Amino acid sequence: DARGSHPGGARTLSAPDGFARSPPGLPPAPLTVASRRRSPPPLPAVTAKKPVVYSLTPCPCEENNVTLACLVSDYFPEPAIVTWVSNAPYSTSTYPAAVGSDSLYSLSSQLTTPLSNLDGNNIKCTVQHILSPSCFSADICPVPSNDGENPAPVGRPAQRCSLRPDIPLMVVELQPPSLEDLFLSQNASITCVASNVKVPGDVTFSWKRQKAGTLDVVPGQPTRQDNGLYRLTSVLKVCADEWNSGETFTCTVASPELAVPVTKSAKKDIGRTNPVRAPSVYVFAPPAEELALEETATLTCLATGFSPRDVLVTWTQQERPVPSKSFAVFGPEEDAGAYTVYSKLSVPWADWQRGDSFACVVGHEGLPITFVQKSLDKASGKPASVNVSVVLADADITCY
């Protein structure tokens, strides 16, 4: 007990239960409070489980070396033993296993080797576990599928590495004619593209067409990509009428970098069910509120009620083509079986004030001459349909 005095009277206080009391004649013992610590919840019960092995994306982390890795996931019990198989020298690091909230273990292992060791080398990550009588394995180098475009899933037999693993395999695509070619120049350029090419001189293009006719082929020069590989093109030039007839055009690309030659075909879909409908075209002057700021002038072009959806929208200023990066096109969007598209062109306020003429050019197969131009300037104030007097696309061949 403790006793104290106060002007209001003397009082005696008793220590509550749970606090230490000093024996008579000894100094007071320090107060202590008993605390209870919660034990961590037990991990959930888990049955034995085989590991799942994944190959991870290779990393060219150093200038002359590449690091390959595999993940051993969701297994129980410990241990899982990782070994690497390679025909070239390498160094490895395997990190300690970590246990997850589901009581299953996971670990990762990595192999580092010079980039020069990858060509013609088999590299495989193998994992041994108590539940598996034989080793699991994951091939680190991508295995091309039959079309040479997509890597095969993990688990395919090991294959010699023919490319750096951080660089994708060769891709072949066939691009149909642009709308500018079809509607303005009446020509059709079908472009066959091979990208991610390691050796440009080893690639060959060959063309075929469904009907009898000449093959006017223009080869392109190799261009270097950001990843250090090359992009090659071969362009087949035909008339717009030939493309619009639905004829099939085929390009085949062959290279030692492909497991087999890749063939792509393109044709216009003429099996539509909806009738062809020409667009109605409207051009709108910049709003007065915007012009009052004396900064920019925005012209708007609306094309609506057309079918099918393929449509070209472009602009001219003073009868000269406007670069595509200078205007935006929104749509087409479908509405009640027809389509609508609109475009806006922003120009300096001074260009509009001095009376420059601007025109919205719309191309569609439903129009009598496949395109229409509507012009607008400050002086007229009203849009007018006029004949196109500027060549928007140069014709490379003559079609009859």
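Mind listing the long-range amide H neighbours of N65? Cut-off is under 5 Å, sequence gap 5 or more, other chains count too, H placed in the peptide plane at 1.01 Å from N.
Hits under the 5 Å cutoff: L115.
Sort F284, F205 by heavy-atom solvent-accessible area, probe 1.4 angstrom, most to least.
F284, F205
Going by Cα centres, the stretch 206-240 and the stretch 295-345 are how many Å apart?
30
Largest first, what is the accessible-area ranking of E319, E247 with a 1.4 Å probe?
E319, E247
Tell me which residues come under 5 Å, amide H to amide H, from K49 once H is placed; ignore anything under 5 positions away on its chain.
F76
Would you mind getting the accessible area per residue of the stretch 195-238, heavy atoms of the protein chains only, 1.4 Å probe, in Å²?
Normalised by residue count, the accessible surface of the stretch 195-238 is 61 Å².
Sequence gap at least 6, Cα distance under 8 Å: using those rules, report the relative contact order of the stretch 206-281 to the nearest whole percent.
With pairs under 8 Å counted, the relative contact order is 27 percent.
Please give the solvent-accessible surface of D335 in Å², to the nearest 10, using a probe radius of 1.4 Å with every protein chain present.
100
For the stretch 104-111, take each phi angle, set θ = phi - 60°, evaluate the Karplus expression 6.51 cos²θ - 1.76 cosθ + 1.60, and give the result in whole Hz per residue in order, putting x for glycine and proline.
With the stated coefficients, the stretch 104-111 comes to 8, 9, 8, 8, 9, 9, 9, 10 Hz.
Arrange the residues V82, V218 by how much accessible surface each exposes, largest first, with a 1.4 angstrom probe.
Reading off the accessible areas and sorting them downward yields V218, V82.
For a 22 Å ceiling on Cα separation, which of these pairs sit above it: K198/K267; K264/K325; K211/K268; K268/K344?
Pairs exceeding the cut-off: K198/K267; K264/K325; K268/K344.
If packing is taken as the average count of other Cβ atoms within 10 Å, what order do 262-268, 288-294 fall into, highest mean first?
262-268, 288-294
Taking the square root of 5 times each eigenvalue of the Cα gyration tensor, what semi-axes in Å does the equivalent ellipsoid of the stretch 273-333 have, largest first?
Here the semi-axes work out to 27, 14, 10 Å.
Please give every one of the lysines within straight-line cross-link reach of K49, meaning a C-alpha to C-alpha distance under 23 Å, and leave out same-chain neighbours fewer than 8 residues apart.
Cα-Cα hits under 23 Å: K124.
Would you please give the residues with an amide H less than 5 Å from that of W315, counting only those at least 5 places away or on a separate chain, with H modeled from the backbone geometry?
Result for W315 returns V322, V361.
Per q in 0.16, 0.26 Å⁻¹, report the Debye log10 I(q)/I(0) for the stretch 176-260, using one uniform scatterer on each alpha carbon and no solvent.
-0.68, -1.23
The values are calculated or read from the model by the stated rules, or taken from the named source; none is laboratory data. Not measured: the values here are computed from a predicted model. Heads up, the Cβs are rebuilt from the backbone with ideal geometry, glycines too, and the neighbour counts pull from every protein chain shown. We work out accessible area using only protein heavy atoms, side chains counted, and drop any ligands, DNA or RNA first. Shrake-Rupley method; radii C 1.70, N 1.55, O 1.52, S 1.80 Å.
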